[in-house]
Amino acid sequence: MSTEQSATDTTPISDARAWIQILARYREPNSARSVFELAITAGAFILIWIVMWATLDLGYWLCLLLALPAAGFLVRLFMIQHDCGHGAFFRRRLANDWVGRVVGVLTLTPYTFWRRAHAMHHAGSGNLARRGIGDVDTLTIAEYLALSRWGRLRYRLYRHPVIMFGLGPAYLFIFKHRLPIGLMRAGWQPWLSTIGTNLAIALLCAVMMWFVGVGPFLMIHLPITLLGASMGVWLFYVQHQFEDTLWARDGDWNLHEAALRGSSHYALPGILRWFTANIGVHHVHHLCSRIPYYRLPRVLRDHPEIGKVGRLTLWPSIKCVRLVLWDEGRQRLISFRELSKHQIARCPEGPTG
């Protein structure tokens with residue numbers, strides 16, 4: 001029996017804080033493995049891009065078909081950038097930061113700005129008093145009912161699947177990330193990050209358009225970007241927007257409990273786990289964000305009990321789309337339909353007067 005396994009014999013799964021010490025044993029990155037992961041992901045992305053360009057004359061349908069795996073590798077590149085932001089991909093911060101910055105040009109994500117916003121997400125995940133940066137806007141029932149009719153309509157539109165996973169991701173990665181929205185007054189670093197990334201993106205696009213042509217570049221890269229953005233937003237969404245997630249007010253909120261209970265274990269099929277770099281093991285990631293993504297499966301093998309917490313599989317996860325409001329009384333997310341039924345149950349005779 002391994003040291004890690006024996007250590008959990010007396011550690012109940014409910015003791016979220018105790019798991020921090022156990023998981024710390026998995027934090028050390030392997031430099032050779034990290035370089036290999038980066039090379040195979042970036043190399044495959046570039047190769048598919050070239051193949052898409054080469055097949056344009058054979059019919060655009062083939063190019064679009066290849067955009068799907070290309071988007072998968074783009075998502076995987078984002079996950080590498082994500083690990084760099086947590087200081088988990090390489091031992092040295094300098095290596096993490098520069099790999100993160102370069103990858104950020106491909107993912108349209110300014111690295112330093114994103115890293116800061118994402119750190120705020122980790123520090124306040126599940127805290128109702130600390131919503132607004134790096135998360136999906138989530139209202140409580142009381143907050144939603146207190147809105148004007150126009151406010152409710154805006155929230156419903158924001159939460160509609162077409163907006164959330166279609167138009168929203170395109171806006172987020174193509175437009176919103178061009179300015180340090182949310183950190184506009186947080187000093188020069190977020191501005192330098194966004195402006196520097198914007199200039200690098202413009203230079204890369206100009207070079208590629210000169211080389212392959214404006215039309216072919218847009219026909220190849222735009223579908224990859226849009227698909228990758230939607231995939232990324234879906235993953236982030238389902239990691240925290242599931243029925244039994246955890247939200248709490250300041251006095252009742254606990255960082256470690258929110259990490260364990262407020263993040264899902266999105267148990268995807270093997271090929272999807274690989275493309276998404278095990279980000280579905282999100283509760284473990286929130287408990288110990290310094291674990292490299294390629295070591296997360298080892299955590300589940302050594303400690304199968306933690307793999308049962310917040311477990312969500314592919315097809316049931318589709319139902320999470322309808323969960324839009326936090327019910328503080330029942331401590332779970334509910335749909336607009338459930339809210340309507342609840343209101344009818346409280347007033348069975350309907351409105352009067």
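Within region 190-202, is even one residue touching a Phe, Trp or Tyr at 6+ places or on another chain (Cβ under 9 Å) and closer than 30 Å to L58 by Cβ? No - not one qualifying residue is present in region 190-202.
Taking region 39-48 as the range and being out of contact with any helix residue (DSSP H, G or I) (no Cβ under 6 Å at 6 or more places or on another chain) and surrounded by 15 or more Cβ atoms within 10 Å (Cβ to Cβ) as the test, only A42 passes.
Tally time: how many residues in region 296-353 are at pLDDT below 90 and aliphatic (A, V, I, L, M)? So the count comes out to 2. Residue check: I80 meets all listed conditions (1) open to solvent by 50 Å² or more (accessible area, probe 1.4 Å); (2) under 29 Å from A117 (Cβ atoms); (3) in contact with a Leu (Cβ under 9 Å, 6 or more places away or on another chain) but one, namely (1).
When you scan region 122-153, how many residues do you find that are in a helix (DSSP H, G or I), touching a residue at least 12 places away in the same chain (Cβ under 8 Å) and surrounded by fewer than 15 Cβ atoms within 10 Å (Cβ to Cβ)? Residues in region 122-153 being in a helix (DSSP H, G or I), touching a residue at least 12 places away in the same chain (Cβ under 8 Å) and surrounded by fewer than 15 Cβ atoms within 10 Å (Cβ to Cβ): 3 in total. For region 225-256, name all the residues that are under 24 Å from P316 (Cα atoms) and in a loop (DSSP other than H, G, I, E, B). Q241, F242, E243, D244, T245, L246, W247, listed by residue number.
Collect the residues in region 14-52 that are under 19 Å from N254 (Cβ atoms), part of a helix (DSSP H, G or I) and without any contact (Cβ under 8 Å) to a residue 24 or more places away in the chain, keeping them in residue-number order.
A18, Q21
Condition check ((1) touching a residue at least 40 places away in the same chain (Cβ under 8 Å); (2) out of contact with any helix residue (DSSP H, G or I) (no Cβ under 6 Å at 6 or more places or on another chain); (3) of a type outside the set (F, W, Y)) across all residues:
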residue	(1), (2), (3)
R185	no, yes, yes
V212	yes, no, yes
I220	yes, no, yes
F242	yes, no, no
R249	yes, no, yes
A259	yes, no, yes
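Taken over region 174-207, the criterion of being over 22 Å from the mean Cα position of the chain (by Cα), under 30 Å from L64 (Cα atoms) and open to solvent by 50 Å² or more (accessible area, probe 1.4 Å) is satisfied by L199, A202, L203, L204, A206, V207. When residues in region 154-173 are screened for being more than 17 Å from the chain's Cα centre (by Cα) and open to solvent by 80 Å² or more (accessible area, probe 1.4 Å), 5 of them pass.
Contact map, region 163-176: residues that are at negative phi paired with residues that are of a type outside the set (S, T, N, Q) and surrounded by fewer than 16 Cβ atoms within 10 Å (Cβ to Cβ), Cβ distance under 8 Å, separation 6+ or inter-chain. Pairs shown: I163/L157; M164/Y158; G168/Y158.
The values are calculated or read from the model by the stated rules, or taken from the named source; none is laboratory data. Predicted model only: the values in this text are computed from it and were never measured. We place every Cβ from the backbone using ideal geometry, glycine too, and count neighbours over all the protein chains shown. Note: areas computed on protein heavy atoms with side chains; ligands, DNA, RNA excluded. Shrake-Rupley method; radii C 1.70, N 1.55, O 1.52, S 1.80 Å.
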